[in-house]
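To start, the structure under review is shown below, and the notes come after it.
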Amino acid sequence: MSNFTIQDIFLKFGEEYINTHKLSKDEWKVYNAIVKCKTKELGIHTITCEHCGETTIGYNSCRNRHCPMCQSYARERWIEKESSNLLECPYFHIVTTVPSELNEIALYNKKEFYNILFSSTSEAILELCEDPKWLGAKVGLTSILHTWGQTMEFHPHIHSIVTGGGIKNNKWIETDKDYLIKVQVLGSLFKGKFLSKLKHLNLNLPDNLSHLKDIKNLNKFLEPLYNKTWITYIEPPKGEPENVIEYIGRYSFRVAISNERIKNISEDSVTFEYKDYKDNSKIKEMTITGIEFIRRFLMHVLPNNFTKIKHYGILTNRNKKSLIKLCRILIGQKVFNDFTISLKRKLHEFICPTCGNNTFNYSYFYKQSYN
């Protein structure tokens, strides 16, 4: 287990970074949260054993979604909630991404850019799955936004977990293949939808790209991207349906880099571990300056209140409960009672170090400025 944390990096190099870089409001919020996480700045909490009265005192967490120290509890809560929507069918993992030529536009228009990335992905998958040439039914998908690659460079893409079956005329239709749709067909449709939507955005652009506000210049800039192959990936189902929710949970609550990957912090640099997909997924190490590390990390701060996990098709929040019930009737599915119960045990488990009891009470005490 790593002895180094992102909090250590922020504390060591943060002041220099702040003096040389302008932080957005959202970046300031994340920076302050991580620096103060699990310190006296956020107050304390006590855990009291109901059996022997033993009390454990700890510092409060920041609970910011970009903080690697605060994701475990949120992940387990989400898994517990979403496990109730599982269907007894195969699930496919689909990745859609945009070419690097669009990265600078994305960084200056995060909310709008990410929204059309979500909508283009979902529309393309749903449209193709409903085509009789492929599945011919309305599927459900959960899409998760990631904006980083293994070395924390900017790489916006969507992970979608898609049901391998769907509803058509009150019948359940399930694929008997190891693919839902052809990856080339999906990539082409996704590309067309995304570029069309991009042209209709009122873009916020830096001086070096201001000429793209003219639609003729924008069309000229985008023209080569129509002829480029966009990276799209479809992974066949893995294991039983009840494993899917754990799989989604791991993707859903990742941050740009975990503390475990940080291997060393020196006087002016940070060394971290990464997986090199271009070299047979070998584990390698990279060393960059502390300032550069913070810059890369803060690139991935999401807009305030932006939803990074979205549901579509038969999993759309508005009709989810009724459609899930219908799907289960059509499939003849048994509810995963054992699975959801085990998750609840995992979520609430706490063992008293004195007597071994696992029932306890929480009490929180916040500093006045955070009330």
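We did not get these values from a lab; they are worked out from the coordinates using the rules stated. Computed from a prediction, not measured in an experiment: that's the story for all the values here. Positions of Cβ are generated from backbone atoms using ideal geometry, with glycine treated the same way; all protein chains shown enter the neighbour counts.
So, in nm, how far is label residue 229 from label residue 361 when the simple model puts each one 7 Å beyond its Cα toward the Cβ?
It is 6.4 nm.
Taking N as the number of residues in segment 138-198, what is its Cα Rg relative to 2.2 N^0.38 Å? All intermediate terms of the calculation are to be shown ahead of the outcome.
Values: Rg = 14.9 Å, N = 61, 2.2 N^0.38 = 10.5 Å.
The reported ratio for this selection is 1.42.
Once both labels are modelled 7 Å past Cα along the beta-carbon direction, what's the residue 240-residue 130 spacing in nm?
With each label point 7 Å from Cα toward Cβ, the separation is 3.4 nm.
Anything over 28 Å Cα to Cα? Flag those among 168/310; 193/310; 110/238, in the order listed.
Numbers: 168/310 23 Å; 193/310 18 Å; 110/238 32 Å.
Beyond 28 Å: 110/238.
Compute the semi-axes of the equivalent ellipsoid of the chain, taking the square root of 5 times each eigenvalue of the Cα gyration tensor, and list them largest first in whole Å. Don't skip to the end; give the middle numbers.
On the way: eigenvalues 260, 207, 64 Å².
Semi-axis lengths for the chain are 36, 32, 18 Å.
Find the Rg to Rh ratio for segment 1-93, where Rh is the Kirkwood radius over alpha-carbon pairs and Rg uses the same atoms.
Here the Rg-to-Rh quotient is 1.11.
Let me see the P(r) profile for segment 169-243: every Cα-Cα distance counted, bins of 10 Å, each bin given as a percent of all pairs.
With 10 Å bins starting at 0, P(r) equals 14, 31, 24, 16, 13, 1.
Between residue 277 and residue 354, what length comes free when the chain is fully extended (0.36 nm per residue of separation minus the Cα-Cα distance, one decimal in nm)?
23.1 nm
Cα-Cα over 21 Å: which of 81/171; 197/321; 228/282; 12/263?
Where the Cα-Cα span goes over 21 Å, the pairs concerned are 81/171; 197/321; 228/282.
Need one number: nm distance between label points at residue 168 and residue 73, each 7 Å from Cα along Cα→Cβ, rounded to one decimal.
Calculated label separation equals 4.7 nm.
For the chain, what is the calculated [θ] at 222 nm in deg cm²/dmol (nearest 500), taking -39500 (n - 2.57) for each run of four or more DSSP H residues and dividing by its residue count? Present the calculation step by step, with values, prior to reporting the outcome.
Details: 11 runs with 139 residues, N = 371.
Computed ellipticity for the chain at 222 nm equals -12000 deg cm²/dmol.
Which loop-located GluC sites (Glu not before Pro) does segment 53-118 contain, where loop means any DSSP state but H, G, I, E or B and the Cβ has at most 15 other Cβ atoms within 10 Å?
In loop regions of segment 53-118 (DSSP not H, G, I, E or B), the sparsely surrounded GluC sites (Glu not before Pro) are 54.
Nearest 0.05, what FRET efficiency do residue 219 and residue 328 give at R0 = 51 Å with Cβ-Cβ as r?
The calculated FRET efficiency here is 0.60.
Taking segment 216-277, which GluC sites (Glu not before Pro) meet the DSSP loop condition and have no more than 12 other C-beta atoms within 10 Å? Before the final figure, lay out the partial values.
Numbers: sites: 242, 246, 260, 267, 273; in loops: 267.
For GluC sites (Glu not before Pro) across segment 216-277 that sit outside H, G, I, E and B with at most 12 neighbouring Cβ atoms in 10 Å, the list reads 267.
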